[in-house]
Amino acid sequence: VIVSSEVEQELYQYTGNENYTQTSVMNPGNGYWIYSNGNGQIKINPIFGYNSLTEKAENRLVKQNLGWKVNLEVSNGDQRDRSTYFGVHPNAKATYDKFDFHEPPVIGKYVSAYFNHSEAGNLNQDIQNEGETFYSWSLAIQTNQAGISEVLIPDINEIPYEHSVKLFDPVTQVVQDMRQKTSFKFASQGSENPHYFELMVGKDEFIDDKLEKIGFVPNKFELAQNIPNPFNPVTNILVSLKEDATISLKVFNLLGEEINSIA
């Protein structure tokens, strides 16, 4: 496969339950997707074709010591998206460039993770410039499947250990340290409305400054309205604590009967 400069140097294969995976080989009978920024060209020689995508993938591996790049996975039921990447590189820019790739379109039952870029739209891979003390990505999870969705960073140790990695959910007002617990679960209604997160990487003091600016730090005890309401089959209940405390949360039905409790 040989592509022109207008075409992003990443080829995706549709694989059903896992949605899309990055590939460098095209096999008969399978579906593939590639993004073009204009009137690009793709040339395929089915017998002796020179695979420029494979060479570029190998070059990326050779330069793996420059910056870092890690995979983010999301799942809901039997649906998976394992082809979302974020990271830093000394030659990358804050604007859309050759290190960034667009998110493929969804098909059928799906769960999809992507980064919302102010210039380029929805990106499947978003690489920022290396050398900053704080990085953030606007992460969106979208699905047409109701139930529990899970976000996972399986190779989180590829991120330099001096950086904290935290995921902020503005809906439930939860911040999770992804180094302490590498997966985060939340309720999905299957409405196809994106659930937005802020993925933050950097020194703790810079992450804390960001959280304070967006009003995360609680200043009072609060038991908030469950979200969404009404719900089926799951919902989120936010409890804010001004200071450390031991609490219990009990749920009752309309008859006043206790149906669940969390201590």
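Surface calculation, 1.4 Å probe, protein heavy atoms: Trp33 sits at approximately 50 Å² accessible. Ratio of Rg to Rh for the stretch 87-242: 0.97 [Cα atoms; Kirkwood radius as inverse mean 1/r over pairs].
Among the listed pairs Lys98/Lys210; Lys166/Lys210; Lys166/Lys213; Lys93/Lys210; Lys69/Lys166, those whose Cα-Cα separation exceeds 18 Å are Lys98/Lys210; Lys93/Lys210.
Once all protein chains are placed together, Lys181 keeps about 120 Å² accessible to a 1.4 angstrom probe. When Glu212, Glu150 are compared by accessible area at a 1.4 angstrom probe, the order from most to least is Glu212, Glu150. Sorting the segments 83-89, 24-30, 155-161 by their mean number of nearby beta carbons within 10 angstrom, highest to lowest, gives 83-89, 155-161, 24-30.
For the stretch 115-184, the share of accessible area belonging to carbon and sulfur comes to 41 percent (1.4 Å probe, ligands and nucleic acids excluded). Surface listing: Phe101, Phe134 arranged by accessible area from highest to lowest gives Phe134, Phe101, probe 1.4 Å. Heavy-atom accessible area, probed at 1.4 angstrom with all protein chains present, ranks Arg82, Arg179 as Arg82, Arg179, highest first. When Rg and the Kirkwood Rh are both derived from Cα coordinates, the Rg/Rh ratio for the stretch 139-195 amounts to 1.01.
In the P(r) worked out for the stretch 72-149, what percent of Cα pairs fall beyond 18 Å?
Counting pairs separated by more than 18 Å, the tail of P(r) holds 42 percent.
Candidates Ile141, Thr172, Asn253 compared by Cα position along the dipole of the stretch 108-263: farthest toward the positive end lies Asn253, with charges placed on Cβ.
The values are calculated or read from the model by the stated rules, or taken from the named source; none is laboratory data. Here the structure is a predicted model, which means the values were calculated and not measured. Glycine also receives a Cβ, built like all others from the backbone with ideal geometry; neighbour counts cover every protein chain displayed. Ligands, DNA and RNA are excluded from the accessible area calculation, which covers all protein heavy atoms including side chains. Shrake-Rupley method; radii C 1.70, N 1.55, O 1.52, S 1.80 Å.
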